[in-house]
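The block underneath contains the structure these notes are about, expressed in structure tokens.
Values quoted throughout were computed directly from the atomic coordinates according to the rules given, and no laboratory measurement underlies them. Since the model is a prediction, treat every value here as computed from it, not as a measurement. Reconstructed Cβ throughout: ideal geometry from the backbone, glycine too, with neighbour counts over all protein chains shown.
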Amino acid sequence: MTELPPAAEWPSVRGLLAELPDDALPRAGRFLARLDPAEVLAAHPATPVVSLYVTGHGTLAALRPALAVELARHGLLAGVALADFDAWVRDLADPASELYTTLGKAGGPAFALAVLDPGIVAAELPPPWRADDAARVLDAKVTLIEKLAATFAATARGATLVLNTLPLPRELTAQLLDRRERAALGAAWREANARLLRLDRPEVAVVDLDPLLAEGIRARDPRQSVYAKAHLTDDLLAAYAREVGHLARQAAGLAKKVLVLDLDETVWGGVLGEAGPEGIEVAEGYRGEAFTRFQRVVRQLGSQGVLVAAVSKNDPEPVAGVLRDHPGMTLRDGDFVQVRANWRPKHDNLAELAADLNLAVDSFVFADDSPFERGLVRRELPGVAVVDLTAEPALHVAALLRDGWFDVPRLTSEDRARPARYREEDARRGFLEGFDSLDGYLAELGTEVRLAPADPAQLDRVSQITLRTNQFNLTTRRLSPAEVRDLADDPDARVLAIASADRFGEHGLVGAVLLRRDGAVLRVENFLLSCRVFARGIEQAVLGAVLEHARASAAREVRAAYRRTAKNGRVAGFYPEAGFATVHADEAGAEFRHDLTRPPEPVPHIRLSADFGGRHP
Amino acid sequence: MISVEEYVALLRDELALPVTEDDLGRSLDTVDAWDSVHLLTLCTLLERRTGRPVPFARVLEAPSLVAVYELATTS
């Protein structure tokens, strides 16, 4: 990117950036920072915007281009507001500050970035100073930050405060001549950082700068620090902005769920079709060890809920043989939700895999060493995130982990069980093929559904469902864990969790219904269901129970809304099909009402137990 | 070393500033799209390009882009 892209061409920016090497991104960021977000939105009103209020101790203007480019890499438009110099304490402490008014006006995900640097400590050391003095200042600073985080949590509902650990400059440690004193400073400094990292609030994210510095990024340039009060280098701020980009992507509901791997030169070295199972490089030899290391990391991701699949240009039998019998393999067939070894284009395989898993291809990450295959997938399926693997397998792990594709705010037990559930789904598909009709299948499936107020331990999972569910999501209103907690505490609202099971096993918590009582009207604020289980009657049975509950609790009518997105078109007819009348409808969505004169259609093959948790709502 | 033409190209392509050679002598606050933070980035870019240190403190006081160029190219 060597010129300012016109606002009208925003949709092509993400693809352009995907082709750029890291060292070309700062330049692209400086161009993107000059784009007026209002103009982009005028040309493309559906562009997701993330609001970022940047405050801190030093000069942080370099974050504007860095955030612009890192968010654009995920298709997100950064709305950046830069606070006055060194205003972070005032910004966070005063509920009427510019920070809170700006975040309060944000339409989508909103973040306050309080960028901390070692200067907040160094500036308060008395002359002369000892390790004790530094420990005291550090303790006071972290205590202050903890208080500010509490104010933030109480004031900026739904927004996220991003803090960071403090790099420890040698210019400080080396000023202490006594070896024990110097070590004491190092220990106190790490303790302060550890306290920051332990700030366990759903509204707070702490970016740990240590792993970024360990990659060889310079933390500070004394000249920039002394003359321009820029206490962190542009390079470090760029790496920090990348981490913020990952947080923004999660908050915008763009989580990735599936990792699709090529096999030859990705999972093992060499070409199976030419070298044969004995000739591939895995477990042994320099390259073989590098591939094994990569396989272990893939397994590690799989253990945390990432669905792993393989798409390889190979004959199916030798691939199955290697996954089953090769003594050096770490990954086995049971680690994959599907293995597609054939000679058809990879983008066709990805599209079919998405259909089988009932997921959008946009939730896929595709890793391949072949530039040809990557280019083709990028062109045919622009929503897929493509990981550029090279001919150097020792770099595969770094490439895979570079963009935190699968990061989540909180991992739930559902996440860990997900791969097994999808494998059960394969078994269900086999079972389905034995029936003439879907009804016969559903009757034999023995689906049980439990609808009940979400208990406190389930609220994170409910938030996650609002963030990750795109298809069966009637309003696509994303809710942070804190917002779900607020709803659960609201006496006029109710957060109901949908759990289900069938003869193949537990599905766990698969959906949520958000209700609000407004006088004689019961409002369904949102209805969400995991794509794993819809179209089996669960949604009709649950909505029927809500209607029954409305009637039994003397509601006059039930109201519900549908808000259209690019992904939820298939549920546009959900309410009308259940007997709701349309109050009004336009391109953006529709409002419905059910007058409760006719009972809902029964769903005979579902055994449902419903508990609405007392009289209200 | 870096020629004046290369310097203008760096300002346009790397710093994303819509300037020409005619703008170099203008007072910085009248340069289109100029922001004081550009000076910091410009120092870094010039050091990377020329392989020699730029006198930061003096650059921060420079009145124009041509003054920055002179500081970066004369020892």
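If you wrap the tightest convex hull around every Cα atom of the range A:574-617 and split its volume per residue, you get 130 Å³.
Once the gyration tensor of the Cα atoms in the range A:520-617 is diagonalised, the equivalent ellipsoid follows with semi-axes of 21, 18, 12 Å, ordered largest first. Which value in Å is the Kirkwood Rh of the range A:501-575 over different Cα pairs? Radius from the Kirkwood sum: 13.7 Å. Note that the range B:4-73 carries a Kirkwood radius of 11.9 Å, evaluated over its alpha carbons pair by pair. If you take the alpha carbon atoms of the range A:156-216 and fit the smallest convex hull around them, that volume is 95 Å³ per residue.
Hey, with R₀ at 35 Å, roughly what FRET efficiency would residue A:609 and residue A:151 work out to, going by the Cβ-Cβ distance, to 0.05?
The value I calculate is 0.25.
Determine the calculated [θ] at 222 nm for the protein assembly as shown from helices alone, applying -39500 (n - 2.57) to every DSSP H run no shorter than 4 residues and normalising by the residue count; nearest 500 deg cm²/dmol.
Numbers: 29 runs with 294 residues, N = 692.
Theoretical 222 nm ellipticity from helices: -12500 deg cm²/dmol.
By the compact-protein rule of thumb, 2.2 N^0.38 Å, the alpha-carbon radius of gyration of the range A:154-285 corresponds to a ratio of 1.56. The base-10 log of I(q)/I(0) for the range A:434-610, evaluated at q = 0.08, 0.10 Å⁻¹, reads -0.23, -0.37 [Debye formula, identical scatterers on Cα atoms, solvent excluded]. Amide H contacts for residue A:589 (H built 1.01 Å from N in the peptide plane; partners 5 or more residues away or on another chain; cut-off under 5 Å): A:564. Residues with beta-carbon under 14 Å from that of residue A:166, excluding residue A:166: net charge, scoring Lys, Arg +1 and Asp, Glu -1? After counting each charged neighbour, the total is -2. Full extension of the chain segment joining residue A:504 with residue A:47 gains 160.5 nm, where the gain is 0.36 nm per residue of separation less the Cα-Cα distance. Under 5 Å between amide hydrogens, built in the peptide plane, is the criterion, and for residue A:207 it picks out A:163, A:164, A:165 among residues at least 5 positions away or on other chains.
So what is the orientation-averaged projected area of the range A:231-295, using the convex hull of its C-alpha atoms, in nm²?
Convex hull of Cα atoms, orientation-averaged projection: 7.3 nm².
In the structure shown, do any of A:141/A:256; A:256/A:346; A:313/A:567 have a Cα-Cα gap over 25 Å, and if so which? Pairs exceeding the cut-off: A:141/A:256; A:313/A:567.
For a Förster distance of 51 Å, can you work out the FRET efficiency between the beta-carbons of residue A:566 and residue A:174, rounded to the nearest 0.05? After rounding to 0.05, the efficiency reads 0.40. Taking the convex hull of the alpha carbon positions in chain A and averaging its projected area over all directions gives 31.2 nm². Backbone N atoms of the range A:168-188 closer than 16 Å to the 7 Å Cα→Cβ label point of residue A:226 belong to residues A:170-172, A:175. Here each label is just a point 7 Å from Cα along the line to Cβ, and for residue A:370 and residue A:289 those points are 3.0 nm apart.
Note on residue A:455 and residue A:9: their simple-model spin labels are 5.6 nm apart, each label 7 Å out from Cα toward Cβ.
Of all beta bridges DSSP finds with both residues in the protein assembly as shown, what is the antiparallel percent, to the nearest 5?
Working: 38 of 84 bridges.
Once the DSSP bridges in the protein assembly as shown are tallied, antiparallel ones form about 45 percent.
With all projection directions averaged, the alpha carbon convex hull of the range A:6-106 covers 6.7 nm².
For the pair residue A:352 and residue A:588 in one chain, pulling the backbone fully straight at 0.36 nm per residue adds 82.0 nm over the alpha carbon distance.
Which whole-number percent is the relative contact order of chain A (Cα, under 8 Å, 6+ apart)?
Details: 1095 pairs, mean separation 57.0, N = 617.
After rounding, I find 9 percent.
Between residue B:30 and residue B:70, the modelled label-to-label distance comes to 1.7 nm, taking each label 7 Å out from Cα in the direction of the beta carbon. Measuring nothing but alpha carbons in the range A:258-401 and taking Rh as the Kirkwood radius, the Rg to Rh ratio lands at 0.93. Nearest 0.05, what FRET efficiency do residue A:201 and residue A:379 give at R0 = 30 Å with Cβ-Cβ as r? After rounding to 0.05, the efficiency reads 0.10. Dividing the mean sequence gap of close Cα pairs (under 8 Å, 6+ apart) by how many residues chain B holds gives a relative contact order of 33 percent. Taking the centroid of alpha carbons for each part, the range A:530-553 and the range A:371-429 are 33 Å apart. Distance between the C-alpha centres of the range A:566-617 and the range A:7-86: 39 Å, rounded to the whole angstrom. Near the amide H of residue A:498, within less than 5 Å, lie the amide hydrogens of A:510, A:511, A:512, A:513, all on another chain or at least 5 residues away, with H placed in the peptide plane. Using only alpha-carbon positions in the range A:192-253, the gyration tensor eigenvalues give semi-axes of 24, 15, 11 Å once each is multiplied by 5 and square-rooted (largest first).
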